[in-house]
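Below you'll find the structure, written out as structure tokens, and then a few comments.
The values are calculated or read from the model by the stated rules, or taken from the named source; none is laboratory data. Keep in mind it's a predicted model, so treat the numbers as computed, not measured. Neighbour counts are summed over all protein chains in view; Cβ atoms, including those assigned to glycine, are modelled from backbone coordinates with ideal geometry. Each accessible area value is taken on the protein alone, full model and side chains, heavy atoms only, with ligands, DNA and RNA left out. Shrake-Rupley method; radii C 1.70, N 1.55, O 1.52, S 1.80 Å.
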Amino acid sequence: MWAALFFSVGVMSALAQSESRIPQRSANPICTSIDGLEAGKAQNSLDVGHNADSFHFSWNSDGDRHWVLRTRHEAPGSTPLHRSSKLHFTAVPKSSLISDPSINIHHASTSFPAHRIDILARLEDSSQAAILAIGIRDIDSQGRALAGKVTWKWVPQAPDAPRRDAFDLAALESLYVQALSQDPAARYSFTVSTTSTRPKVPTLSSAELPELLEHIAVIRSCFTKRVDSNLSALPWEVASLKNLRMPKKESDATFVALSAAGKPISGVRVFLDRAPHYACSGLTNSKGVMSCVLEDTHGHEHVHGLHDSQESAPIIASYPGRVTASGISLPTAVPMWFPGLGRGR
């Protein structure tokens, strides 16, 4: 339920101006690392580590949006597994988070034993076709996502690629959208594919979703001044959700605070969800605080007690974001754990 909320950002009306908390480019050390990236020639192979496993991907196109992906998966103490998959790419849906509507990013996915592979690519010209990012997450035998770790690897474009900076910008924006659709209770890793010997772009390991989203937003800010001057890439504002009070019994309200750059965000709706089907929402007050009582939307409160069912599941607080005339207040989500359960926040 919560994930669908974020995609409404594309139809929101302009609201009041907000102040960005992302460092200015001149004061952003990550941008120095970005400027020193040496992406090398266009790649047709990539190595990605996921948990203790390693994946080697190689690919080639057999026409337009159809690729063949060859995967070698190595796990400690196991024989390497090899598989070839035919990928069919579809255009990533348009979103207000994508600065340049003329750029089309494409997405494809395939399953490997116990893993799902997500791929973002540019396909506007077969000679320039390239992977922009690869994601790996754990799945069960039915293909359902498992709680655990999600790995993303961003692949900056080769220096001679047409509209290199514009595609890197669009890839990061699309990656933000992809991350929002995944499990907010998972742990995330983020790495960059580069041959650079200069200071490397900081990576993430076992981060929570808000950390991943802010990391992508900061890297994205490094490209907003490098793209075509005719493109107006709106600044992003990173919103933060904070757990103030968890419910101790069925009738208790949950309290959360929403802010950006240390200032409260008032008058916007924040949503709370908890498996299997508890939910509530409310508007933030002048201090950015929202409170509501989780209700069983299926009407089975005596069967699925808040503390009796799926006790390791967190409450997911989510904010769908808002578009302003001068920038975008970013959608976000954060897991809130009951004391002694789950990861015990």
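Key figures
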| quantity | calculated |
| --- | --- |
| Accessible surface, region 120-189, averaged per residue in Å² (probe 1.4 Å) | 32 Å² |
| Förster radius 30 Å - calculated FRET efficiency between Phe255 and His298, Cβ distance, rounded to 0.05 | 0.75 |
| Cα-projected label distance for Ser141 with Ser286, points at 7 Å along beta-carbon direction, nm | 5.9 nm |
| Residue-level accessible surface for Arg274, protein heavy atoms, 1.4 Å, Å² | 10 Å² |
| Accessible area in the full protein assembly, largest first, 1.4 Å probe, for His277, His50 | His277, His50 |
| Flagged links, alpha-carbon separation over 24 Å, of Lys149/Lys225; Lys86/Lys153; Lys153/Lys263; Lys94/Lys149; Lys94/Lys153 | Lys149/Lys225; Lys153/Lys263; Lys94/Lys149 |
| Ranked order, Ser111, Ser99, Ser318, Ser205 - accessible area, probe 1.4 Å, largest first | Ser205, Ser111, Ser99, Ser318 |
| J(HN,Hα) series, region 321-329, from Karplus relation 6.51 cos²θ - 1.76 cosθ + 1.60, nearest Hz, glycine and proline x | x, 7, 9, 10, 5, 10, x, 10, 7 |
